[in-house]
């Protein structure tokens, strides 16, 4: 029997101590917009794009999105890899135990997790080829999506390590993907019930100021108030004020409302939108 424990393969605390790799030419904002741009296609398209963008943002070897299936009762739940890119692409559609897997732990902890050589502890990974040298996972934002899920990236060799910058990028992408997936599911459901085009969403005659539009776009992209403030050169408190104005004018209740509105206006169609 192996004496390896979970603590031996779980290295999340090391992220803050590792030196970050040199900056690259990848534009994170453009990558988030690419994910949101799939909303009008389908929910599976959002997941496939999320996996592809995770691979690019984190310079990983494989990447994927795993969703929880089976309802509320734990004994009926399983985790299915809905979208996978890279050398592990052939594992798309496979399932892993809800109670004993890196994805399951990320869901249980509702936080970012980093594993090193996880097959030493998780026996189902021992047959995976190529092997996983490191796995970085971020769970879906449950406040934005009712669907529990995890976005993950894998390194298959020792050419580099994941660092705090990778974790930050993956968190931003996952937050955006959570919203986009939820909206795509809603749009797909609405499409089955009505023939009203998405771009005909009723605004109630209200008009947004230029600053309110900017805030709306950045919220739709998944940014926090602090991040929006930094991007626009205003305080987080001012962002909250603009956010409240938009919500009051358009009767918004969730981040998904902002995504639907921005998508309907064509603001998220291209990386250079507005």
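The values are calculated or read from the model by the stated rules, or taken from the named source; none is laboratory data. Remember, it's a predicted structure, so these values are computed and weren't measured experimentally. We place every Cβ from the backbone using ideal geometry, glycine too, and count neighbours over all the protein chains shown.
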Handout entry: Residue in the range 134-154 that is over 20 Å from residue 79 (Cβ atoms) and modelled with pLDDT of 95 or more present
Key = no
Exercise for the section: Can you confirm whether the range 224-235 contains a residue that is closer than 17 Å to residue 33 by Cα, buried (at least 21 other Cβ atoms within 10 Å of the Cβ), at pLDDT below 90 and not assigned by TED's automatic domain parsing to the domain that holds residue 116? Expected result: yes
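Each row is one residue, and each column tells you yes or no for (1) crowded, with 19+ Cβ neighbours inside 10 Å; (2) not in a strand (DSSP E or B).
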{"position": "99", "(1), (2)": "no, yes"}
{"position": "129", "(1), (2)": "no, yes"}
{"position": "132", "(1), (2)": "yes, yes"}
{"position": "138", "(1), (2)": "yes, no"}
{"position": "152", "(1), (2)": "yes, no"}
Handout entry: Failed item, numbered, when residue 202 is tested on (1) surrounded by 16 or more Cβ atoms within 10 Å (Cβ to Cβ); (2) modelled with pLDDT under 90; (3) not assigned by TED's automatic domain parsing to the domain that holds residue 61
Key = (1)
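From the list 160, 81, 168, exactly one residue is out of contact with any strand residue (DSSP E or B) (no Cβ under 6 Å at 6 or more places or on another chain), closer than 22 Å to residue 57 by Cβ and without any contact (Cβ under 8 Å) to a residue 24 or more places away in the chain. Which is it?
Being out of contact with any strand residue (DSSP E or B) (no Cβ under 6 Å at 6 or more places or on another chain), closer than 22 Å to residue 57 by Cβ and without any contact (Cβ under 8 Å) to a residue 24 or more places away in the chain holds for just one of 160, 81, 168, which is 168.
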Practice task
State yes or no: is residue 85 assigned by TED's automatic domain parsing to the domain that holds residue 124 and at pLDDT 95 or above?
Solution key: yes
Practice task
Give the residue that is modelled with the lowest pLDDT, with candidates limited to residues of the range 16-51 that are under 14 Å from residue 153 (Cβ atoms) and buried (at least 19 other Cβ atoms within 10 Å of the Cβ).
Solution key: 31
Exercise for the section: Taking residue 184 as the residue in question, decide whether it is in a helix (DSSP H, G or I), more than 26 Å from residue 236 (Cβ to Cβ), at pLDDT 80 or above and under 18 Å from the mean Cα position of the chain (by Cα). Expected result: yes
Exercise for the section: Would you tally the residues in the range 228-273 being free of Cβ contacts under 8 Å to residues at least 40 places away in the same chain and not in a loop (DSSP other than H, G, I, E, B)? Expected result: 19
Problem - Restricting the range 1-15 to residues that are in contact with a helix residue (DSSP H, G or I) (Cβ under 6 Å, 6 or more places away or on another chain) and part of a helix (DSSP H, G or I), the residue that is modelled with the highest pLDDT - result: 9
Practice task
Check residue 5 against each of (1) in contact (Cβ under 8 Å) with a residue 60 or more places away in the chain; (2) out of contact with any strand residue (DSSP E or B) (no Cβ under 7 Å at 6 or more places or on another chain); (3) buried (at least 19 other Cβ atoms within 10 Å of the Cβ) and name the one condition it does not meet.
Solution key: (3)
Practice task
Go through the residues of the range 109-119 one by one and say whether even a single one is more than 19 Å from residue 175 (Cα to Cα), at pLDDT 90 or above, in a helix (DSSP H, G or I) and touching a helix residue (DSSP H, G or I) at 6+ places or on another chain (Cβ under 8 Å).
Solution key: yes
Practice task
Using the structure shown, decide if residue 69 is more than 25 Å from residue 156 (Cα to Cα) and buried (at least 19 other Cβ atoms within 10 Å of the Cβ).
Solution key: no
